[in-house]
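Report on the following structure.
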Amino acid sequence: MTHALCTDCGITPFGWGHIPQASGDFVTINLACLDDLDPAELIAAPVRYMDGKNDNWWHPPAETQHL
């Protein structure tokens with residue numbers, strides 16, 4: 001995965017890559033970087049965990065408490 005790095009603040013606002021097991025090309029967006037996002041919307045946003053460490057994209061990792 002490739003990450004774009006903000007040269008002003010050092011945050012990664014988005015990234016992109018290719019995972020054949022997960023339908024190929026993808027883009028990720030760091031929602032916390034959106035200027036007009038209400039914090040309540042961020043809290044209510046659905047979260048889907050994937051076990052990319054083990055290339056097990058169809059199942060969540062065994063441990064998600066730290067995420």
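Since every read-out is calculated from the coordinates, none of them should be taken as a lab result. Keep in mind that what you see is a predicted model, and the values were worked out from it rather than measured. In this analysis, Cβ positions are derived from the backbone assuming ideal geometry, glycine residues included, and neighbour counts consider all displayed protein chains.
Data overview
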item: Per-residue [θ]222 nm for the chain (sum of -39500 (n - 2.57) over DSSP H runs n ≥ 4, rounded to 500); result: -2000 deg cm²/dmol
item: Whole-Hz couplings from phi, Karplus 6.51/-1.76/1.60, listed for the range 36-51; x for Gly and Pro; result: 9, 7, 6, x, 5, 5, 5, 4, 7, 5, x, 10, 10, 8, 10, 8
item: Nonlocal amide H pairs with T28, under 5 Å, H built at 1.01 Å; result: G15, W16
item: Computed E for T12/Y49 - FRET, C-beta separation, R0 25 angstrom, nearest 0.05; result: 0.85
item: Radius of gyration, Dmax [the chain; alpha carbons; angstrom]; result: 13.8, 36
item: Burial order of peptide ranges 12-18, 53-59 (average beta-carbon count within 10 Å, highest first); result: 12-18, 53-59
